Amino acid sequence: MGYPDRPGWLRYIQRTPYSDGVLYGSPTAENVGKPTIIEITAYNRRTFETARHNLIINIMSAEDFPLPYQAEFFIKNMNVEEMLASEVLGDFLGAVKNVWQPERLNAINITSALDRGGRVPLPINDLKEGVYVMVGADVPFSSCLREVENPQNQLRCSQEMEPVITCDKKFRTQFYIDWCKISLVDKTKQVSTYQEVIRGEGILPDGGEYKPPSDSLKSRDYYTDFLITLAVPSAVALVLFLILAYIMCCRREGVIQLVHHSAIQKSTKELRDMSKNREIAWPLSTLPVFHPVTGEIIPPLHTDNYDSTNMPLMQTQQNLPHQTQIPQQQTTGTYRNVLDVFIQKLSSLLLLS
């Protein structure tokens with residue numbers, strides 16, 4: 001009552017909206033003698049009827065019942081709400097009492113593994129998150145519990161192997177205990193390390209009068225520092241630039257290929273210039289010819305200033321004004337006249353004979 005939340009030592013867990021809610025926790029010595037009032041409000045989801053109830057928790061001191069020997073067990077196959085059930089907790093305390101054989105044995109603290117930094121298990125094969133249970137007794141630990149401290153079992157735990165515990169069979173029927181995580185605390189051998197804190201008066205020691213620096217400070221010339229700061233990087237950059245230029249230009253792998261390519265280009269240009277001025281043999285169709293009738297010489301089709309580089313290989317036939325076209329049939333007729341003359345002469349010789 002009067003606080004926005006429950007006390008820090010008190011925890012609440014409810015798995016589903018339809019399951020029972022559980023309040024659990026272990027108060028400290030500072031909470032002894034102070035009643036804790038918790039206001040519980042509940043409502044009906046169907047009728048929205050609301051009810052309130054005040055839960056008063058009285059914390060009593062346990063100094064009248066000292067339990068100096070305390071052992072904390074980690075149970076893998078249980079959740080905290082399952083362990084808080086009276087019959088389950090009674091079965092676990094009975095198994096511990098058979099192993100320990102104390103006169104008085106009580107549960108001191110029950111904590112979920114999630115509160116100790118554990119991880120939520122996957123919903124496979126009904127895995128549990130685990131719970132830590134601390135019990136206290138008035139007699140020293142039994143030899144079975146001391147077996148965890150053997151070097152052989154410590155070595156097996158370091159190798160992530162299960163230690164060999166003779167009394168494990170007494171728990172295995174209902175509780176699966178991780179013996180590598182068991183802790184045994186003997187408060188009778190613990191030496192108090194509390195030291196009384198001597199509080200001071202809260203005043204810093206006197207360091208004398210504060211003396212600010214003088215106004216007449218000596219001037220300093222930063223010209224040399226400026227030159228060193230600027231000249232050294234510039235010189236290094238220049239050296240690196242020269243090295244890079246030497247590598248890129250003088251030590252280049254394709255210099256010979258570039259020289260050859262330049263020579264080829266130069267030779268090609270010279271050949272093209274020479275081809276424009278050279279005298280070439282003219283085709284027969286362009287040479288002077290005799291006229292078949294008059295016997296006159298016919299000039300060629302091209303002029304003297306004709307560009308030979310642009311001259312086509314095959315000249316186009318043109319009808320010049322002073323050129324006589326000789327038809328192809330004239331040649332055939334000439335051959336026929338000669339044949340007739342030859343036949344006539346042959347027939348005349350036959351008649352004379």
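The values are calculated or read from the model by the stated rules, or taken from the named source; none is laboratory data. These numbers were taken from a predicted model, which means no experiment stands behind them. Heads up, the Cβs are rebuilt from the backbone with ideal geometry, glycines too, and the neighbour counts pull from every protein chain shown. Each accessible area value is taken on the protein alone, full model and side chains, heavy atoms only, with ligands, DNA and RNA left out. Shrake-Rupley method; radii C 1.70, N 1.55, O 1.52, S 1.80 Å.
Gain on full extension, evaluated as 0.36 nm per residue between residue 159 and residue 59 minus their Cα-Cα distance, stands at 31.7 nm. In the context of the full set of protein chains, segment 17-104 has a per residue accessible area of 68 Å² (1.4 Å probe). Taking the protein heavy atoms of segment 103-191 in the context of the full set of protein chains, the accessible area attributed to carbon and sulfur is 51 percent at 1.4 Å. For segment 54-190, a simple Cβ point-charge model (Lys and Arg +1, Asp and Glu -1, everything else neutral) yields a dipole of about 300 debye relative to the Cα centre. Each peptide in 107-118, 31-42 was scored by the mean count of other Cβ atoms within 10 Å over its residues; highest first, the order is 107-118, 31-42.
Per-residue packing, averaged as other Cβ atoms within 10 Å, sorts the ranges 94-102, 127-135 into the order 127-135, 94-102, beginning with the highest. Calculated from the alpha-carbon coordinates, segment 66-200 shows an Rg and a Dmax of 16.7, 61 Å respectively. Electrostatic bookkeeping for residue 14 treats Lys and Arg as +1 and Asp and Glu as -1; over the other residues with beta carbon under 13 Å from its beta carbon, the sum is 0. Across the alpha-carbon set of segment 19-131, the Rg to Rh ratio works out to 1.03, Rh being the Kirkwood radius. Descending by average beta-carbon neighbour count within 10 Å, the peptides 264-276, 152-164 line up as 152-164, 264-276, the highest first. In terms of distances greater than 19 angstrom between alpha carbons, the cross-link table entries 97/170; 169/189; 76/169 yield 169/189. With Cβ to Cβ distances under 12 Å as the rule, what net charge do the other residues near residue 116 carry (K, R +1; D, E -1)? Counting the neighbours of residue 116, the net charge comes to -1. Among 122, 23, the order of accessible area from largest down is 122, 23, computed with a 1.4 Å probe on protein heavy atoms.
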